[in-house]
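A short reminder: the numbers here are calculations on the coordinates, not readings from a lab. Predicted model, so just to flag it, every value in this text is computed and none were measured. Quick reminder, even Gly has a Cβ in these numbers, built from the backbone with ideal geometry, and neighbours come from all protein chains shown.
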Amino acid sequence: MLVEVGSVRALRNAVEVGEEVDLRAWLLRILTNLNIDRGRREQRAPDMKSIDEDEFALFRKLDDGSAEEDVDRFLDNLETFGRALRA
């Protein structure tokens, strides 16, 4: 992809280049600059992690072990509430 983008930039700016310019060196300079720009862009980009890899990472980080007790208590309350509605 780097070569394709460099070729497009070179063709776009070919009119500005005089006949005395070394085209090989000019194209290599374009590719070098593109590579440097890409590296800088990657350094500035935040680390991206897919949610699919570890969907419950935050939950596990915050979990103090009482989550199962909370779920059991919720289900007990739900059963009590259901019985009260039916009565």
>> Under a crude label model (7 Å from the Cα following the beta-carbon direction), how far is Glu4 from Ile36 in nanometres?
In response: 2.5 nm
>> If packing is taken as the average count of other Cβ atoms within 10 Å, what order do 70-83, 30-43 fall into, highest mean first?
In response: 30-43, 70-83
> Scaled to the compact-protein estimate 2.2 N^0.38 Å, what is the alpha-carbon radius of gyration of the range 2-44, rounded to two decimal places?
Replying inline: 1.26
